[in-house]
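Structure first, then comments.
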Amino acid sequence: MPVFHYRAIDLSGRVKKGSAEASGEFDLADRLAQLGLDLIACHRPRLRTSTGTGKITRRDLIFFCYHLEQTLSVGVPLVDSLGDLRESTSHPRLHYLASSIQAAVEGGKTLTEALADHPAEFNDIFCSLISAGEQSGDLAQVFCTIGENLKWQDEQAAVTRRLLTYPLFVGCVVIGVVVFLMSYLVPEMLQFVRMLGRDVPLHTRILITVSGFISVWWPLLLVMPTIKIGRAHV
């Protein structure tokens, strides 16, 4: 739970200052009342933290949805679920997101509005589904559905990577062999033909031209399969 700095007055009228954990201002007032203190004012200290480092991956979003689905389904309030998520993750960026969304919800925003403040991680479709869950009152089921969909996407991406690995390997081997033949064997053959003093046939001249091109541009040929595979994956 977040920590609040507070000023309160005791039964004798003395002003007390201190810090305490609470889920919100009303919860803090109840906790202080049990200690014989009346809350005057409170505020949450500014955290000297950055927006978190690292990129949120699909698997991080799956963890985000799974955690909230599990906690909300057993009746844990949304603010407490976000706080528990914040404490459960070691990912700096996800920790920041959970803290920021929790603070926004505590400040009166809906969960959809809090998520929309972070468009890089939560796109319009994600926010629209959460909005539908808030209106229907079944956020846990919506998070379950989103998490299952993200898990399916992650599995398909893994299958695609495995399927593309073998063609990429074979393509690199073939191109490596061709580069070796064109840059080493063809020049040797050219010297032999010149020693014979005969006219070079057209197809041999074409082969020599291709060999000269490959001798200069062979690094580009080696990276072309990787570029094509990368575009296909995107």
Those residues that are modelled with pLDDT under 90 and open to solvent by less than 30 Å² (accessible area, probe 1.4 Å), I need them from segment 52-70; list them, please. Gly52, Ile56
Yes or no: Phe169 surrounded by 11 or more Cβ atoms within 10 Å (Cβ to Cβ) and more than 23 Å from Val74 (Cβ to Cβ)? yes
Pairing a residue in segment 148-173 that is closer than 14 Å to Ile62 by Cα with any residue that is among the β-branched types (Val, Ile, Thr), where Cβ atoms lie under 7 Å and the two sit 6 or more apart in sequence or on different chains, gives Leu150/Ile62; Lys151/Ile62; Asp154/Ile62
Residue selected from segment 1-22 under the condition open to solvent by less than 40 Å² (accessible area, probe 1.4 Å) and touching a residue at least 40 places away in the same chain (Cβ under 8 Å), by the criterion nearest to Gln34 (Cα to Cα): Phe4
Filter segment 113-131 down to the residues that are assigned to a loop (DSSP other than H, G, I, E, B) and either touching an Asp or Glu at 6+ places or on another chain (Cβ under 9 Å) or surrounded by 15 or more Cβ atoms within 10 Å (Cβ to Cβ) (or both) and list them by number. His118, Glu121, Phe122
Quick count over segment 132-156, residues being under 20 Å from Leu85 (Cα atoms) and assigned to a helix (DSSP H, G or I), is 14
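The values are calculated or read from the model by the stated rules, or taken from the named source; none is laboratory data. This structure is a prediction, so every number in the text was calculated from the model and none was measured. Reconstructed Cβ throughout: ideal geometry from the backbone, glycine too, with neighbour counts over all protein chains shown. Areas reflect the complete protein model, heavy atoms only, side chains present, ligands, DNA and RNA absent. Shrake-Rupley method; radii C 1.70, N 1.55, O 1.52, S 1.80 Å.
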